[in-house]
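Trainee: Dropping the structure in here first, questions after.
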Amino acid sequence: KQWYQRRVAITAGRELSKRVRFVPSFTRSLYAVQQDVKWLEILITELDKAAGLWITKLSDHEEEEGEDESEDRPTERPSEVYENPMLEELRSFTEDSLKTPTLDHELDQGETDEDEIHIINDKKLKVLDKLVVYLRVVHMVDYYNGTEFPNEDEMPNKIGVFHIRGPVETSNSKNSLQDVHDWNKQLGGKMQGIIDDMRGVTIPHEEAVQIGLKTEEEAVEEFVKLNTEEQGPGKFHCPLSGKKFKGPEFVRKHIFNKHAEKVENVKKDVVFWNNYVREPKRPMEPLFPPAQQSNNGGSYSTSTPNTSYTAPPRPSYPGFPPPYGFPAPFPQAPAPKGRKVISYNDLDAPDEYDVLGV
């Protein structure tokens, strides 16, 4: 809502119990770091350019110095240059520490032992950590969780959740290259989704048509057809205004002339629906609804309640009128079918009969 030209919203102000959360320790492996370097460079570059960060506009003199005089035709020169010093450090780190085969090559060779994961020391990953923090604080993207928080500035908890690499596992459990491959695939899908949202990528047209993509012409024709009622030979009725016409072409002309705003609303609905269909992350019902959880943590299926339970008989108290005391001294009339017996006894008023029989 708007209040004195300011946006007012209701938010939960409770403190988070666990802000910093851990991801698996094999994220410090060589092959996981290779993917992190690739996605961090792409993601930070896209977000910085969208926000206008680390961009320097070139003057006319600097543009002339960069011109190639060896060719007769003029070359296209960029009017601005993007230079993020942290990405330069990342490229230097890549050239010095990541000159090794890729994970796909290792999987093709069948090497899946724990020793082949190549864990990198945390001291060498400071450049990577700096970019992860930069992405979380500046662009509100939790990298290791693959989540973007675009409205976090309006929330009471700034930087509410932050995922980092967990401590090195000291247990006997072994992490294989396949574990790293599965992690890279899952995280890469999330990063690609964030980048597609920034670039405005939509689903393919063929898939959108299968889901139910509409056209304005078909929607308008259907609207006109629904509002053209034939009441008899040579008699047509428009339910929007209640007027009658001699032919459907006159009803159509009447709708476009007198109800143009309703036709425009139909076109707007088509645009809204098509945008929803093309959205890759559109809200939809899950294909497999999650099972309900019981109090002890197990899952259970919904079933009809058990109605076989009967309540125990209520005790009688001497000296009090029914239904709390002894039964009435006279037999009560049977209840009519389909209707319960209604008692009009008032406990505060004198009884209609003497319980003690005096």
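The values are calculated or read from the model by the stated rules, or taken from the named source; none is laboratory data. Owing to the predicted nature of the structure, the values given are computational and were not obtained by experimental measurement. Here the Cβ is made from the backbone with ideal geometry for all residues, glycine too, and neighbour counts use every protein chain on show. Each accessible area value is taken on the protein alone, full model and side chains, heavy atoms only, with ligands, DNA and RNA left out. Shrake-Rupley method; radii C 1.70, N 1.55, O 1.52, S 1.80 Å.
Conditions (1) surrounded by 11 or more Cβ atoms within 10 Å (Cβ to Cβ); (2) at pLDDT 75 or above; (3) aliphatic (A, V, I, L, M), marked per residue:
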{"site": "V81", "(1), (2), (3)": "yes, yes, yes"}
{"site": "L87", "(1), (2), (3)": "yes, yes, yes"}
{"site": "L98", "(1), (2), (3)": "yes, no, yes"}
{"site": "L103", "(1), (2), (3)": "yes, no, yes"}
{"site": "E116", "(1), (2), (3)": "yes, no, no"}
{"site": "K124", "(1), (2), (3)": "yes, yes, no"}
{"site": "L131", "(1), (2), (3)": "yes, yes, yes"}
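Trainee: Restricting to region 51-67, and then to whatever is open to solvent by less than 90 Å² (accessible area, probe 1.4 Å) and either in a helix (DSSP H, G or I) or within 30 Å of Q192 (Cα to Cα) (or both), can you tell me which residue is modelled with the lowest pLDDT?
Mentor: Top of the filtered list is E63.
Trainee: Considering region 214-240 alone, what residues qualify as being open to solvent by 40 Å² or more (accessible area, probe 1.4 Å) and either among the acidic types (D, E) or within 32 Å of the chain's Cα centre (by Cα) (or both)?
Mentor: Residues satisfying the conditions are K214, T215, E216, E217, E218, E221, E222, E229, E230.
Trainee: Further question: Please go through (1) without any contact (Cβ under 8 Å) to a residue 24 or more places away in the chain; (2) aliphatic (A, V, I, L, M); (3) farther than 30 Å from R282 by Cβ for L226 and return the number of the only condition it doesn't satisfy.
Mentor: The single condition L226 does not satisfy is (3).
Trainee: Right, something else. How about region 134-149: which of its residues are of a type in the set (F, W, Y) and open to solvent by less than 40 Å² (accessible area, probe 1.4 Å)?
Mentor: Correct list: Y134, Y143, Y144.
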